[in-house]
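Shown next, in structure tokens, is the structure this report addresses.
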Amino acid sequence: MLITNKSKRKIVMSFLNISDQQDIYTISTNDIIDNANISRGTFYNHFKNKIDIVHFIEENISESLDAEFDSVDKGNSNFFHILTENVFPIVYDDREYIKVLYKFYEPELFSFLQSHYEKFLIPYFDHYDENKVGIPKYFTLSFFFRVILDAIMAWISQPIPIPTEEFRKIFYKLINNSMTEICGIVIRE
């Protein structure tokens with residue numbers, strides 16, 4: 001996420017630094033101002049409060065991700081290519097911002113992401129037969145989307161995440177194999 005305004009970047013980075021050490025809900029505007037070494041007026045020229053900073057981060061990351069997903073063709077045949085080649089590097093680069101959003105919005109973030117990006121997965125389920133599989137389509141789609149999000153969050157929430165190229169290989173292995181194949185266990189009904 002590129003923040004061109006120097007003062008605004010300083011405020012956001014201060015917020016990120018503090019949120020790494022304490023709960024977001026306990027961070028005060030004064031904490032951010034003191035940590036950024038700026039005046040109160042400078043803070044209020046850019047943000048109303050810490051929630052405004054979170055919304056700023058959310059909007060900027062959403063714009064970056066939306067721009068990449070807009071390049072998915074009409075048949076959505078290239079969703080996973082866009083995800084792994086174009087979106088993963090953005091997620092990796094913006095991981096500190098995303099961690100803040102995850103801490104702040106945890107339950108709502110998954111719902112937002114699912115409602116916003118699930119549409120790109122729906123075409124993969126065009127030939128899904130609920131009767132044959134025995135699982136409702138909406139549940140399978142929701143489960144599959146959450147598996148993707150959980151894999152990404154597990155990756156970027158590591159203290160030192162592996163580089164994008166390595167995660168891409170792991171991601172494809174996880175997505176293309178069953179738990180039985182990966183873990184060597186069989187789960188019975």
The range 104-133: GluC sites (Glu not before Pro) in DSSP loop, at most 14 other beta carbons within 10 Å: none
Residues of the range 7-152: accessible area per residue with a 1.4 Å probe, Å²: 55
Span from the the range 89-133 Cα centroid across to the the range 141-189 one, whole angstrom: 14
Cα-derived Rg to Rh of the range 8-48, Kirkwood definition: 0.93
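Can you give the extra length, in nm with one decimal, that the chain gains between PHE143 and GLN22 once fully stretched, where that is 0.36 nm per residue apart less the Cα-Cα distance? The partial results should precede the final answer.
On the way: separation 121, 0.36 × 121 = 43.56 nm, distance 3.18 nm.
That works out to 40.4 nm of additional length.
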Neighbour-limited loop hits for trypsin sites (Lys or Arg not before Pro), the range 1-75 (at most 15 other Cβ within 10 Å; DSSP other than H, G, I, E, B): LYS48, LYS74
Förster-model FRET efficiency, 22 Å R0, ASN131 and SER178, C-beta, rounded to 0.05: 0.55
Fraction of accessible area attributable to carbon and sulfur, the range 112-189 (%, probe 1.4 Å): 60
Debye, to nearest 20: dipole size of the range 1-142, +1 on Lys, Arg Cβ, -1 on Asp, Glu Cβ: 480
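What does the net charge come to around ASP34 if you take all other residues with beta carbon closer than 15 Å to its beta carbon, with K and R at +1 and D and E at -1? If you can, show how the numbers build up before the last one.
Working: positive: LYS10, ARG40, LYS50; negative: ASP31.
Around ASP34, the surrounding residues sum to +2.
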Cα→Cβ-extended label distance, 7 Å offset, between LYS99 and LYS48, nm: 2.9
Extension gain from ASP150 to ALA67, taking 0.36 nm per residue of separation minus the Cα-Cα distance: 27.7 nm
Most mobile of ILE27, ILE148, ILE135 in a GNM of the chain (Cα contacts under 10 Å): ILE135
Mean separation of Cα contacts under 8 Å, 6 or more apart, over the residue count of the chain: relative contact order %: 17
DSSP-loop trypsin sites (Lys or Arg not before Pro) across the range 114-189, with at most 16 other Cβ within 10 angstrom: ARG188
Matching label, P(r) over Cα pairs in 10 Å bins from 0, in percent computed from the structure shown, candidates (1) 9, 34, 34, 15, 5, 3, 1, 0; (2) 8, 32, 28, 19, 10, 2, 0; (3) 8, 30, 31, 19, 9, 3, 0: (3)
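Give the carbon-plus-sulfur fraction of the accessible surface of the range 26-65 in %, rounded to a whole number; probe 1.4 Å, heavy atoms of protein chains only.
41
The values are calculated or read from the model by the stated rules, or taken from the named source; none is laboratory data. Small disclaimer: the values here were computed from a predicted structure and weren't measured. No Cβ is skipped: glycine too gets one built from the backbone with ideal geometry, and neighbour counts run over all protein chains shown. Heads up: the accessible areas ignore ligands, DNA and RNA and are worked out on the full protein's heavy atoms, side chains in. Shrake-Rupley method; radii C 1.70, N 1.55, O 1.52, S 1.80 Å.
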